[in-house]
Amino acid sequence: MELLPRSPAEFGSARYWERFFRQRGQRAFEWYGAFPELCPVLHKYVRPRDKVLVVGCGNSELSEQMYDVGMCEDIVNIDISDAVIRQMQERSGSRRPKMSYLLMDMLQMDFPNAHFQVVLDKGTLDALLTDEEEATLAKVDQMFAEISRVLQVGGRYLCVSLAQAHVLKKAVEYFSQEGWVVRVHQVAGSGNNQQFVLPVFVYVMTKFRKIPGSAPQILEICPEEQDKPMRVESVEQLVAAVKDRQHYALLCSQLSKTPCREQVSLDLCDKESGKPRYTLHVVDSPSVKPSRENRFAIFIIPQGRETEWLFGTEEGRRQLATSAGFGRLVTVALHREQHYEGMAGIQAELSGKVMELAPPGLPARQQVPFLSVGGDIGVRAVQHCDTSPLSGEYVVEDVKGEGTCYFRRLIFLRNRNVVQSEARLLAPTPLPGQKKRRKDKKKPSPAEPPAAIDKSYLCCEHHKAMVAGLCLLGGPDPLPGASLAVLVVGLGGGSLPLFIHDYFSQAHVAVVEIDSSMLEVATRWFGFSQGDRMQVHVSDGLDYVAKLAAEAPAQYDAIMFDVDSKDLTVGMSCPPPAFVEKPFLQKVKSILKPEGIFVLNLVCRDARLKESVLATLRDVFPLLYTRRIEGEVNEILFCQPSPEGRRDPTELGARARALEGALREPGRPWDSSYVLADMLQAVKIL
């Protein structure tokens with residue numbers, strides 16, 4: 001402990017270093033980065049004939065090792081400590097005759113201009129730039145000016161550093177403004193099994209003549225796993241990229257020492273584009289007693305299934321890890337913008353990286369299994385992508401579900417883990433790049449998703465519950481043949497209004513959708529169409545309801561809200577807050593018939609906000625039922641303007657069975673898994 005300075009400022013003091021090296025004696029002191037780790041980077045930028053200056057050399061063995069392996073021999077080492085210079089002269093004088101050690105201050109060097117091809121700095125800048133006080137920054141500017149002076153044009157300043165944000169920013173800003181090319185290398189293997197958890201970086205600043213005017217900055221980062229540098233646009237982006245790698249190193253260090261109490265999530269990005277390629281979740285299962293065989297596994301989520309409860313929620317992943325029987329499970333989600341060469345290709349690509357997330361005590365050569373559903377990576381075909389002024393970027397994609405089922409999905413990329421709309425598909429059609437099948441010549445490929453929409457199938461559980469809520473309507477007559485006026489706010493892919501239109505033969509459905517792009521998507525990709533009993537109004541739902549309330553009250557048997565919020569900062573993603581404010585809800589009530597029903601899809605993670613919404617609904621509607629959707633945040637609320645319509649569970653079940661029987665007409669397709677009575681079994685009165 002006596003070797004440590006009293007304050008960080010002492011790192012810049014000659015007196016401190018003199019005392020340090022006298023007390024340490026002949027033992028080499030390496031700040032960070034052993035020669036075997038640094039060698040691959042140094043070898044790229046130091047040539048055998050280069051004249052190399054090492055500033056703040058201390059008693060590091062780096063220069064000696066560079067000399068001994070033949071990397072370079074013409075090396076001049078300088079330091080402000082007389083004690084260490086004498087030590088190093090004694091240690092290397094006769095054995096390395098072409099290498100010299102000089103007592104010199106790097107802030108005032110005696111060398112002529114343009115004397116060196118390389119200046120090497122291992123930890124010296126970090127030791128000097130301990131704070132951002134004016135005096136410290138002035139010393140750093142002096143150091144950089146001297147390095148610039150003694151370097152030839154085309155020469156390289158190689159700075160080995162832990163890359164604290166203020167150190168990296170200062171170095172990059174100074175030299176990039178001078179017109180130098182700046183590249184930052186992450187040193188492979190640094191941060192593993194050594195005193196520093198953080199990785200080591202090498203800043204490579206290449207000197208160019210300064211061009212008058214505003215020449216573009218050239219800033220690059222070269223991660224440890226690749227040789228090809230990635231160009232970044234600004235100093236801030238470069239600092240952020242380094243910080244991401246530091247955070248990853250800290251995370252790996254933490255995961256290698258202790259089990260994680262909470263699930264850890266991280267993205268692994270594509271080397272070329274920098275876009276996320278894999279999303280990983282690290283899940284530890286305390287209930288699993290680990291043995292040699294079940295300590296660690298990787299689970300590849302089939303494409304298109306990452307939004308399912310088992311894979312897309314914390315509770316689902318926890319259940320998956322427990323049922324898989326592994327102490328630590330890493331789930332891997334594949335991104336739609338990326339191409340993958342099958343399970344073997346993914347395994348080869350991830351094998352090295354996922355081992356950095358291994359649990360404590362895992363043997364170095366332990367074989368880690370890669371798991372999946374059915375042993376493949378699934379099928380995903382993006383059919384359409386575009387940008388809406390209101391909803392942002394979105395995609396329409398076909399994915400393979402369990403067995404031979406295929407589904408078409410609408411995804412808003414601002415919330416890419418949520419399926420906005422979904423429909424089951426029927427007849428096969430080739431994927432992009434696949435040849436069309438000749439008639440009756442060949443069986444359909446299992447990788448060919450169908451194209452026709454199955455309008456009898458409601459994919460979303462909350463849509464099933466919303467339709468089942470129509471059992472609360474009216475008298476004893478079966479609803480399918482009754483004349484119903486239904487208002488649906490929120491179109492999406494159109495499956496909810498389509499189902500009501502097709503199965504309630506006398507229903508007239510008005511749909512309000514604020515985004516005209518969604519009407520085009522529903523029509524082109526989800527089989528939606530308008531007609532005498534189905535009309536879409538492109539309008540803000542708030543304005544449309546207000547207009548109806550002013551013109552013609554009490555006209556709808558059922559009003560359904562299934563509209564998402566564009567504001568992701570609110571703890572309620574459906575509906576937007578304005579749709580559940582009391583004045584607006586009173587307008588909704590005014591356009592609802594006395595025996596009618598208002599059905600609301602509520603998705604709210606904020607407990608206080610949710611309670612406030614329920615209280616407001618109770619103020620407006622005397623009768624309020626609720627139906628939680630199992631495994632989802634969705635809660636369906638059935639609101640009626642009169643308490644006289646209250647029905648007990650037995651009556652609800654009977655009405656549901658009667659309605660389902662009426663809907664299941666001979667020859668009409670019906671999803672056998674859709675049981676209306678089941679949908680209403682868990683309904684509660686609030």
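The values are calculated or read from the model by the stated rules, or taken from the named source; none is laboratory data. Keep in mind it's a predicted model, so treat the numbers as computed, not measured. Note: ideal-geometry Cβ built from the backbone for every residue, glycine included; neighbour counts use all protein chains shown. Please note that ligands, DNA and RNA were not included when accessible areas were found on the heavy atoms of the full protein model with its side chains. Shrake-Rupley method; radii C 1.70, N 1.55, O 1.52, S 1.80 Å.
Observations, loosely collected:
- Scattering curve values for the stretch 272-419, log₁₀ I(q)/I(0), Debye with Cα scatterers, q = 0.09, 0.11, 0.13, 0.20 Å⁻¹: -0.31, -0.46, -0.63, -1.28
- The heavy atoms of Thr313 offer some 40 square angstrom of accessible surface to a 1.4 angstrom probe.
- Per residue, the convex hull spanned by the Cα atoms of the stretch 258-359 amounts to 105 cubic angstrom.
- Lys/Arg +1, Asp/Glu -1 at C-beta; the stretch 28-83 dipole; positive extreme among Met66, Pro48, Gly33: Pro48
- One decimal place: the segment Ala34-Asp606 gains 200.9 nm when fully extended, by the rule 0.36 nm per residue minus the C-alpha distance.
- Calculated FRET value between Arg91 and Gln152, using beta carbons and R₀ = 45 Å, to 0.05: 0.95
- Area of Leu198 that stays accessible when all protein chains are in place (1.4 Å probe, Å², to 10): 50
- When nucleic acids and ligands are ignored and a 1.4 Å probe is applied, Asp131 ends up with an accessible area of around 50 Å².
- Most to least accessible of Arg95, Arg618, Arg336 (protein chains only, probe 1.4 Å): Arg95, Arg618, Arg336
- Cβ-Cβ FRET estimate between Glu393 and Asp502, R0 fixed at 25 Å, reported to 0.05: 0.20
- Protein-only accessible surface at a 1.4 angstrom probe places the residues Lys289, Lys587, Lys547 in the order Lys289, Lys547, Lys587, largest first.
- Partner lysines for Lys271 [C-alpha distance under 18 Å; skip if fewer than 8 residues away on the same chain]: Lys228, Lys243, Lys353
- If you model the stretch 458-685 as an ellipsoid using its alpha carbon gyration tensor, with each semi-axis the square root of five times an eigenvalue, the axes come out at 24, 22, 18 Å, biggest first.
- Rounded FRET efficiency, nearest 0.05, which uses the C-beta distance separating Cys385 from Asn113 and R0 of 45 Å: 0.20
- Cross-link table Lys169/Lys207; Lys51/Lys122; Lys139/Lys210; Lys169/Lys566; Lys170/Lys207; Lys169/Lys275, entries beyond 28 Å C-alpha to C-alpha: Lys169/Lys566
- A straight chain from Ala165 to Gln142 at 0.36 nm per residue would run longer than the Cα-Cα distance by 6.3 nm.
- Extension reserve of the Val418-Glu630 stretch, reckoned as 0.36 nm per residue once the Cα distance is removed: 74.7 nm
- Within straight-line reach of Lys684, meaning a Cα separation under 15 Å, sit the following aspartates and glutamates at least 8 residues removed in sequence or on another chain: Glu630, Glu635, Asp648, Glu651.
- Taking the average, over residues, of other Cβ atoms within 10 Å as the packing measure, peptides 236-244, 344-352, 521-529 rank 521-529, 236-244, 344-352 from highest down.
- Cβ charges +1 (Lys, Arg) and -1 (Asp, Glu), total dipole of the stretch 480-551, debye: 180
- When the Cα positions of Phe638, Thr523, Phe504 are compared along the charge dipole of the stretch 458-685, Phe638 comes out farthest toward the positive end, with charges on each C-beta of Lys, Arg, Asp and Glu.
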